Amino acid sequence: MNNGTLHKVLTHYVPYLLGFALLFATWHIVAVYSFKSVLFPPPLAVLRKAAELTASGVLIEQASVSLARIAAGFLLGVSIGIPIGLLMGSFSFLKKLLEPFTEFLRFIPSVALISVAVIWFGIGEESKIFLIAYGTVFIVILNTAAGVLSIHPDKLRAARTLGASPRQIFFFVALPAAMPEILTGLRIAMGNSFTTIVAAEMIAADRGLGQMLWTGRLFMLIEEIFVSLLVLGLAGFAADRLFRVAITKFGGKYSVVA
Amino acid sequence: MNDMQSSLPPLLTFSDVGKSYQALNGIAYQAIRGFNLDITEGDFFCLLGPTGCGKTTILSMLAGFEMPTSGSIRLAGETIQGTSADRGVVFQSHDSLYPWLTALENVEFGLRMRGVDKATRRERAIQQLRIVGLAGQEKKHPQELSGGMKQRIQIARVLANRPKILLMDEPFAALDAQTRNLMQQELRRIWLEDRVSVLFITHDIDEAVTLGTHIGVMQAGPASNLKGIVRVEIDGERERTQSSFIEHYRQVHAMIRDEVDKSRRHELSQSAGA
Ligand SMILES: Nc1ncnc2c1ncn2[C@@H]1O[C@H](COP(=O)(O)OP(=O)(O)OP(=O)(O)O)[C@@H](O)[C@H]1O
Ligand SMILES: [Mg+2]
């Protein structure tokens, strides 16, 4: 048992940490020895700035504003998308009925709707939540419906012959069987949320990481820009890990891209 | 064909069962016609026949996945309508297992759905896994186990549910030859211990003689039905080298040879016509 944990640490976490160390080392070398420009700060300067901004409370505030917007919009999109996707995957009539909507709307990127969202909802929280929910909902619908449609019929037949009721089959077989694809949808949607929130906050917001990037540009606060990029990268990475773990829990395989 | 000594009423009866499919070109295809069969409790009935003769169709109707277009199927006196936990199915592919559950949870699944309390079902599942030779693998997920082990989970999952009859559609066909042999021996051993009634589909004569108490040979389709039944009277473990084994093999082989030829000719004429 102990041996197993050690083995897991060695084969799983150590390479990851090494990878991160390598990333920072490369960044350091490029910034210090190759670029040598104030326009490309080395990691230590950025980390120092990050510590400073954390201590003053600015970073936590800006980051939590953005992450809270992502969380709210994402949850809204998911809670609309999953039920619709499940219905579309289960009833071909509904699929045909709703496909014109989903197939049309999903090609309008949420960043293209920023102007509309601001006109409708103003520059506060509502417009951001709307944009993220919008960018989330169609991907989730599509993946959920595909997940239901791809359930192997033997899984459902086995449940019937084992004595499960239709309701039990839905909750204990169809839902978990579709879960890897549902989670894949969530994972892609989460990636989009980061794009959307940054774009929306750059264009129309008074707080958030996107706004921090934008004022950084206006006042040439290069280190602040990098701090905000670093936080975006780390938060995205963490969210993506969670989805990957969840996907494998349900017996699915995640793709490295997407 | 008819059993003189069996006075028990049959567990399972196919009466004049027919099944036709609507093919894509709109023409009805009569896969089965006038299929009659009695299976007595405790029989291990192997249904053998050339490809496409309708073996899976028979099993699907018995499981309740499909309805016969004519005739009826009765289990313990009741006409079959839809699926039920009375008739447990072991599928050819392990896609029927639930990868988000452990081996133990897969085996418990039917009992859990049917409201058996946790302690009882856990105990029964552990015992069942031991019987199929998977002791110690309870916490593994199906995708962590080999093909043969996955089929063992399927068998344990169905047996834990105590069905009146076990339906198996070529459950070992996707395994490599050695694993298949091993699984046949194991299934024989399990069956000798608990004598559950089984309908086992295969197109492998060896497999049928290794496992069956009865071997039903089906005619080539269309409008297939049962050509005849061979009783396999070899007690205990069976070996391919036993003279009685070879004798039964010959008997079944002679019966099925014509049907395989017929089905080939049918396929050739179909492809020539197309
Ligand atoms: N859903 C269906 N629609 C139309 N035709 C079907 C359908 N299912 C089976 N058939 C036809 O019925 C016949 C019997 O099929 P079945 O699958 O029962 O054969 P089988 O004996 O199990 O064959 P195999 O040994 O290849 O598994 C075949 O000719 C097949 O093409
Ligand atoms: Mg078949």
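The values are calculated or read from the model by the stated rules, or taken from the named source; none is laboratory data. Everything quoted here is computed from the prediction, not taken from an experiment. Every residue, glycine among them, receives a Cβ derived from its backbone with ideal geometry; neighbour counts consider all protein chains shown.
Structure summary
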{"quantity": "Count of region A:46-79 residues which are surrounded by fewer than 22 Cβ atoms within 10 Å (Cβ to Cβ) and of a type in the set (Lys, Arg)", "calculated": "2"}
{"quantity": "Residue match in region A:247-258 (condition: closer than 25 Å to A:Ile114 by Cα and not assigned by TED's automatic domain parsing to the domain that holds A:Leu17)", "calculated": "yes"}
{"quantity": "Unmet requirement for B:Ser93, which otherwise passes all of (1) facing chain A (nearest Cβ under 10 Å); (2) buried (at least 19 other Cβ atoms within 10 Å of the Cβ); (3) within 21 Å of the chain's Cα centre (by Cα)", "calculated": "(2)"}
{"quantity": "Qualifying helices (runs of 4 or more DSSP H) (wholly inside region B:146-219; at least 2 residues being farther than 26 Å from B:Glu108 by Cβ)", "calculated": "B:177-194, B:205-211"}
{"quantity": "Among the candidates B:Val217, B:Val232, B:Val209, B:Val260, residue that is out of contact with any Leu (no Cβ under 7 Å at 6 or more places or on another chain) and at pLDDT 90 or above", "calculated": "B:Val209"}
{"quantity": "A:Leu59 modelled with pLDDT under 95, within 30 Å of A:Ser127 (Cβ to Cβ), assigned by TED's automatic domain parsing to the domain that holds A:Glu224 and part of a helix (DSSP H, G or I)", "calculated": "yes"}
{"quantity": "Selection count, region B:41-83, where residues are away from ligand 2 (no atom under 16 Å from the Cβ), surrounded by fewer than 16 Cβ atoms within 10 Å (Cβ to Cβ) and within 14 Å of another protein chain (Cβ to nearest Cβ)", "calculated": "2"}
{"quantity": "Helices (runs of 4 or more DSSP H) wholly inside region A:153-252 that include at least 1 residues being within 14 Å of chain B (Cβ to nearest Cβ) and under 21 Å from the mean Cα position of the chain (by Cα)", "calculated": "A:175-203, A:222-249"}
{"quantity": "Qualifying residue in region A:147-166 (condition: under 22 Å from A:Leu94 (Cα atoms), buried (at least 24 other Cβ atoms within 10 Å of the Cβ) and not acidic (Asp, Glu))", "calculated": "yes"}
{"quantity": "Members of region B:132-145 that are modelled with pLDDT of 90 or more and either within 16 Å of ligand 2 (Cβ to nearest atom) or more than 11 Å from chain A (Cβ to nearest Cβ) (or both)", "calculated": "B:Leu134, B:Ala135, B:Gly136, B:Gln137, B:Glu138, B:Lys139, B:Lys140, B:Leu145"}
{"quantity": "Qualifying position, being of a type outside the set (S, T, N, Q), free of Cβ contacts under 8 Å to residues at least 24 places away in the same chain and surrounded by 20 or more Cβ atoms within 10 Å (Cβ to Cβ), among A:Leu209, A:Leu218, A:Leu213", "calculated": "A:Leu213"}
{"quantity": "Test: residue in region B:183-199 that is within 16 Å of ligand 1 (Cβ to nearest atom) and within 12 Å of the chain's Cα centre (by Cα)", "calculated": "yes"}
